[in-house]
Amino acid sequence: MIDSVRGEVLHVGLDHTVIDVGGLGYRVHATPATLGTLRRGEQATLTTTLVVREDSMMLYGFDGPPSRELFALVQTVSGVGPRLAMAILAVLEPDALAAALGAEDVKTLTRVPGIGKRTAERMIVELRDKVAAVSGPARSGVPGVPPPVLSGVREQVVDGLVGLGFPVAGAEQATDAVLAESTGTPGSEDVAAVLRSALSKLGRAR
């Protein structure tokens, strides 16, 4: 079990980062919100969990133990695996997730691609009391350091959606729709927001 990683940030993508730990580059998958706290060339610490499957080993990173607990908690619901759990945390902040579960808000939960009405209802029944016990996440990474300057917002969002399992055509269409609705030129702080909006569009289009 790799409980955490700490080291120099070598790369920051839309759905993962690479952190140098003792000369080894660890590829860590994380949500856009967590990745937004990292900056290439700086030191960072991520709470992690290692998911082992028959054909893969994937390391997931979080901004603190509470987010990791939520990641594990949502997977106790039948039909929710690691990839879908990350999509949930990417679309809904922990507080928003807790609020949706507490209010039995199926509509909000089904904004997450891959979460249908039945799964949302199971989540409400099985998690509404448990998730309230998980406190909000405390940011780690590098305090006071702005998010990395990312170029090619459209390309990064499309790549991130494809990495989550969506077809290229659908990812491009959803991303273009979000960018067309936005005003001004998307900057580094807008990448996570564009991804969330594109995920929501893809969820509504199911």
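Brief remarks follow.
- Here's how it looks for ILE2: its modeled amide H is under 5 Å from those of LEU50, which are all 5 or more places away or on a different chain.
- Solvent-accessible surface of protein heavy atoms, probed at 1.4 angstrom with all chains present, puts SER56, SER4 in the order SER4, SER56, largest first.
- Approximate spin-label separation LYS117-LEU24, in nm, with each point projected 7 Å along Cα-to-Cβ: 4.8 nm
- Projected label distance in nm at ILE2 and GLU181, using a 7 Å step from Cα toward the beta-carbon: 3.6 nm
- Table column - 3J(HN,Hα) (Hz), the range 170-178, Karplus curve with 6.51, -1.76, 1.60, x for Gly and Pro: x, 5, 5, 4, 5, 5, 4, 5, 5
- Whole-Hz couplings from phi, Karplus 6.51/-1.76/1.60, listed for the range 76-86; x for Gly and Pro: 6, 7, 4, x, 9, x, x, 5, 5, 4, 5
The values are calculated or read from the model by the stated rules, or taken from the named source; none is laboratory data. Computed from a prediction, not measured in an experiment: that's the story for all the values here. Here Cβ is always computed from backbone atoms with ideal geometry, including for glycine, and neighbour counts include all displayed protein chains. When the accessible area is computed, the model is the full protein with side chains, heavy atoms only, and any ligands, DNA or RNA have been set aside. Shrake-Rupley method; radii C 1.70, N 1.55, O 1.52, S 1.80 Å.
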